[in-house]
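Take a look at the structure set out below.
The values are calculated or read from the model by the stated rules, or taken from the named source; none is laboratory data. Since the model is a prediction, treat every value here as computed from it, not as a measurement. Neighbour counts run over all protein chains shown; Cβ positions are idealised from the backbone, glycine included.
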Amino acid sequence: MLFITGDTHGRVIERFSFRQNATLRQLTNKDTVIQLGDFGQPFGPTTYKEAEYVFKFLNDKP
């Protein structure tokens, strides 16, 4: 499966949370996620610690 999403504007956890987006539950490690547009991390109004948390959150996804 190919999952394509647009600008997250720093709301990465909201966009990629299984709770917020049930489609993501269907993805496996053989699927591809493409982030188009503004990712918003770590350049938004977040601290390094918040950005680090977001990157860990994404990295821990199957």
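Couple of notes before you dig in:
- Residues satisfying the stated conditions in region 20-37, i.e. within 13 Å of LYS61 (Cα to Cα) and exposed (fewer than 11 other Cβ atoms within 10 Å of the Cβ): ARG25, GLN26, THR28, ASN29, LYS30, THR32
- Any pair with Cβ under 7 angstrom, 6 or more apart, that starts in region 20-37 at a residue that is free of Cβ contacts under 8 Å to residues at least 60 places away in the same chain and ends at one that is in a helix (DSSP H, G or I): GLN20/GLU14; ASN21/ARG15; LEU24/PHE16
- Near pairs, Cβ below 9 angstrom, 6+ apart or cross-chain, from region 43-62 (closer than 20 Å to ASN21 by Cβ) to any residue that is modelled with pLDDT of 80 or more and surrounded by fewer than 10 Cβ atoms within 10 Å (Cβ to Cβ): PRO62/THR28; PRO62/ASN29
- Checked against the criterion of being at pLDDT 75 or above, assigned to a loop (DSSP other than H, G, I, E, B) and among the polar types (S, T, N, Q), the candidates GLN20, GLN41 yield just one match: GLN20.
- Test: THR5 is modelled with pLDDT of 75 or more, in contact with a Lys or Arg (Cβ under 7 Å, 6 or more places away or on another chain), surrounded by 10 or more Cβ atoms within 10 Å (Cβ to Cβ) and of a type outside the set (Gly, Ala, Ser): yes
- THR28 meets each of the listed conditions (1) within 21 Å of ALA51 (Cβ to Cβ); (2) at pLDDT 75 or above; (3) part of a loop (DSSP other than H, G, I, E, B) apart from (1).
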